[in-house]
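J.: Dropping a structure here in structure tokens format, bear with me for questions.
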Amino acid sequence: MSTNNEINYELLTVSECAECLNISTRHARHLFDTRAFPVVKVGRLVRVRRSDLDAYLAQNIREVRL
């Protein structure tokens, strides 16, 4: 059943988040635990919305001087 008001979030696991960021699963877990970005709890499971991960990346862009 789908309505026009339905919100569709892409929820990522720790390992999926690590793959997107090209980091270790351990480091991704650290980011989850320190609340570097908002997380969603589904029962005992912890997930991150793809949109929140994208916002985190956008906020952490830094210019590098060579």
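What follows is calculated from the coordinates using simple rules that are stated; it is not laboratory data. Quick caveat: nothing in here was measured; it's all calculated off a predicted structure. Glycine also receives a Cβ, built like all others from the backbone with ideal geometry; neighbour counts cover every protein chain displayed.
J.: Among (1) 126; (2) 139; (3) 72, find the value of volume of the Cα convex hull per residue in Å³ that was calculated from the structure presented, and write down its label.
T.: Identified label for the calculated read-out: (1).
J.: Related question: Please compute the modelled spin-label separation between Arg29 and Glu10, points set 7 Å along Cα→Cβ, answer in nm with one decimal.
T.: Roughly 2.5 nm, to one decimal.
J.: Select from segment 21-66 those trypsin sites (Lys or Arg not before Pro) which occupy a DSSP coil region and have at most 14 other Cβ atoms within 10 Å, ordered by residue number.
T.: Answer by residue number: Arg35, Arg44, Arg62, Arg65.
J.: Summing -39500 (n - 2.57) over the DSSP H runs of n ≥ 4 in the chain and dividing by its residue number, what mean residue ellipticity at 222 nm do you reach, to the nearest 500 deg cm²/dmol?
T.: -11500 deg cm²/dmol
J.: Within segment 8-66, report the GluC sites (Glu not before Pro) that DSSP leaves as loop and that have at most 13 other Cβ atoms within 10 Å.
T.: Glu10, Glu63
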